[in-house]
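Engineer: I am attaching a structure below and will ask some questions about it afterwards.
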Amino acid sequence: MNKLIESWLQQYPQRTTQDTLRALHEIFQEIALLGLWRAKFYEHAAFYGGTALRVLHGLDRFSEDLDFSLLRIKENFDLSSYNEAIRSELESFGFEVEVKAKEKTTAIQSAFIKANTRQQLIAIGTSHQAFSMLPKDQLITIKMEIDTFPPGNFQTESRYLLKPIPFSVLSFDLPSLFAGKLHALLCRQWKTRVKGRDWYDFLWYVGRNVKPNLLHLQTRLIQSGHFPETETLTLEKLKQKLLERIDQIDWKAAKVDVAPFVLNSSAIEAWSASLFRQAVERLRQT
C-alpha cells in the first residue's frame with residue numbers, strides 16, 4: 001500500500017512541504033470517499049461543495065472539507081454510523097486515524113477525520129528534510145458535514161473516481177453545484193472576512209458556461225430566509241443580487257483569502273469589482 005500511496009503522491013506538484021501536505025490531505029479525502037462508497041453511503045446522500053468540484057471536475061484550487069447533502073429529509077440520520085467505514089478504509093492503507101462525530105445540535109451534522117501528520121508521512125515512507133521541522137502534534141484534519149434537512153429541487157449524477165480503485169460517487173450535477181455556490185456568495189456570513197474561495201469558484205463556473213439551477217437556488221434562498229416564498233427567482237434578479245454583493249466586497253481581502261489555496265498566483269492578479277461585474281453579465285440560463 002505504501003508504494004501505491006507514494007505513486008499517488010507523485011502525481012501532485014510537490015515544490016514545497018505545504019504542497020506535499022495538501023496532496024496527502026486530498027488522498028485522505030478520496031480514500032474517505034471510497035470508504036463511504038463501500039458502506040453504501042451514496043444511497044442516502046450526495047457529495048457537493050468545493051471539494052466535490054475539485055475531486056470530480058478538476059477545480060484548480062485546494063479545498064479542505066467534505067460536504068454532503070441527504071437526498072431527502074431524514075430526521076434520524078446519523079453521520080457517525082459511517083465513522084468506522086472511513087477509519088477502516090484509511091487504516092487499510094496504513095494510516096492511523098481518528099474519526100469522531102461532533103454532537104448534533106443543528107440540521108448540519110459534522111464529523112472530523114484526524115491523523116498525526118508526521119506519523120502518516122513516516123508510514124508511507126516519504127522522506128523530506130523539512131518534515132522533521134513539523135510540530136510533533138501537527139494534525140491532518142478533514143471536516144465532514146452533511147445537511148440532514150436539504151433544500152429540494154437539486155439534480156444528481158454518478159461520477160467515477162479511478163484511485164485508489166474505480167468506484168462511483170453520487171454528486172450534485174454542475175448546475176446544482178453552481179446554485180449552492182451562488183447561495184454561499186449571496187448569504188455566507190463570515191464575520192468580517194470575505195471568502196475569496198467562493199468567488200474563485202464562481203469564475204470557474206462562469207468560464208465553463210455552467211448554467212445555474214435557479215429552482216434549487218431559489219429553494220435554498222427561501223429556506224435560509226433570503227428570498228420571499230411569493231416570488232420567482234429569475235436570472236435578472238440573480239444578477240442584480242450578485243452585483244449588489246460585488247459592490248460590498250473588499251477584493252484585496254478576497255485575494256488574500258484565496259491565495260494559499262491556488263498554485264498559480266497570476267490567476268487572481270486581475271481580480272476587481274469590474275472583473276466580477278463582467279462575469280455576472282456572462283451568466284446564461286439557456
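The values are calculated or read from the model by the stated rules, or taken from the named source; none is laboratory data. Predicted, not measured: the structure shown is a model, and the values here were computed from it. All Cβ positions, even for glycine, are placed from backbone atoms using ideal geometry, and neighbour counts span all protein chains on display.
Engineer: Could you run through segment 231-272 and say how many residues are surrounded by fewer than 17 Cβ atoms within 10 Å (Cβ to Cβ), acidic (Asp, Glu) and either more than 16 Å from residue 221 (Cβ to Cβ) or in contact with a Ser or Thr (Cβ under 7 Å, 6 or more places away or on another chain) (or both)?
Structural biologist: Counting residues in segment 231-272 that are surrounded by fewer than 17 Cβ atoms within 10 Å (Cβ to Cβ), acidic (Asp, Glu) and either more than 16 Å from residue 221 (Cβ to Cβ) or in contact with a Ser or Thr (Cβ under 7 Å, 6 or more places away or on another chain) (or both) gives 3.
Engineer: Please determine, by comparing only the residues of segment 270-284 that are modelled with pLDDT of 95 or more and in contact with a Lys or Arg (Cβ under 8 Å, 6 or more places away or on another chain), which one is farthest from residue 208 (Cα to Cα).
Structural biologist: Among those that are modelled with pLDDT of 95 or more and in contact with a Lys or Arg (Cβ under 8 Å, 6 or more places away or on another chain), it is 271.
Engineer: If you don't mind, another one. List the number of the failed condition for residue 54; all other conditions in (1) part of a loop (DSSP other than H, G, I, E, B); (2) modelled with pLDDT of 95 or more hold.
Structural biologist: Here residue 54 meets the rest and fails (1).
Engineer: For segment 21-51: of the residues being assigned to a helix (DSSP H, G or I) and among the small types (Gly, Ala, Ser), which is surrounded by the most Cβ atoms within 10 Å (Cβ to Cβ)?
Structural biologist: Of everything passing the filter in segment 21-51, 50 is surrounded by the most Cβ atoms within 10 Å (Cβ to Cβ).
Engineer: I want to confirm something. Restricting to segment 167-191 and keeping residues that are surrounded by 20 or more Cβ atoms within 10 Å (Cβ to Cβ) and among the small types (Gly, Ala, Ser), which single residue is nearest to residue 217 (Cα to Cα)?
Structural biologist: Per the criteria, the residue is 179.
Engineer: Among the residues of segment 10-66, which ones are among the small types (Gly, Ala, Ser) and either in contact with a helix residue (DSSP H, G or I) (Cβ under 7 Å, 6 or more places away or on another chain) or in contact (Cβ under 8 Å) with a residue 40 or more places away in the chain (or both)?
Structural biologist: Within segment 10-66, 23, 32, 35, 39, 45, 46, 49, 50, 52, 63 qualify.
Engineer: If we scan segment 9-20, do we find a residue that is part of a loop (DSSP other than H, G, I, E, B) and either of a type in the set (Ser, Thr, Tyr) or in the same structural domain as residue 262 (by TED's automatic domain parsing) (or both)?
Structural biologist: Yes, there is a match, as at least one residue in segment 9-20 is part of a loop (DSSP other than H, G, I, E, B) and either of a type in the set (Ser, Thr, Tyr) or in the same structural domain as residue 262 (by TED's automatic domain parsing) (or both).
Engineer: Is segment 257-269 home to any residue that is of a type in the set (S, T, N, Q), assigned to a loop (DSSP other than H, G, I, E, B) and assigned by TED's automatic domain parsing to the domain that holds residue 184?
Structural biologist: Checked segment 257-269: at least one residue is of a type in the set (S, T, N, Q), assigned to a loop (DSSP other than H, G, I, E, B) and assigned by TED's automatic domain parsing to the domain that holds residue 184.
Engineer: Where in segment 131-205 are there strands (runs of 3 or more DSSP E), lying wholly inside it, with at least 1 residues that are acidic (Asp, Glu)? Show your work before the answer.
Structural biologist: Details: elements: 139-147, 156-161, 167-172.
Here the list reads 139-147, 156-161.
Engineer: Right, another one. When residues of segment 32-87 are filtered for being of a type outside the set (Gly, Ala, Ser) and within 17 Å of the chain's Cα centre (by Cα), how many remain?
Structural biologist: Here is the first cut: in segment 32-87, the residues of a type outside the set (Gly, Ala, Ser) are 33-34, 36-38, 40-44, 47-48, 51, 53-57, 59-62, 64-68, 70-79, 82-84, 86-87.
Restricting the remaining residues to those that are within 17 Å of the chain's Cα centre (by Cα) gives 33-34, 36, 42, 47-48, 51, 53-57, 59-62, 64-68, 70.
Looking only at that region, the number is 22.
Engineer: Does segment 215-222 include one or more residues that are basic (Lys, Arg), outside the structural domain of residue 51 (by TED's automatic domain parsing) and either in a helix (DSSP H, G or I) or modelled with pLDDT of 95 or more (or both)?
Structural biologist: Looking through segment 215-222, at least one residue is basic (Lys, Arg), outside the structural domain of residue 51 (by TED's automatic domain parsing) and either in a helix (DSSP H, G or I) or modelled with pLDDT of 95 or more (or both).
Engineer: Picking from 164, 212, which residue would you name as being farther than 22 Å from residue 66 by Cβ, touching a residue at least 40 places away in the same chain (Cβ under 8 Å) and surrounded by 15 or more Cβ atoms within 10 Å (Cβ to Cβ)?
Structural biologist: From the options 164, 212, the qualifying one is 212.
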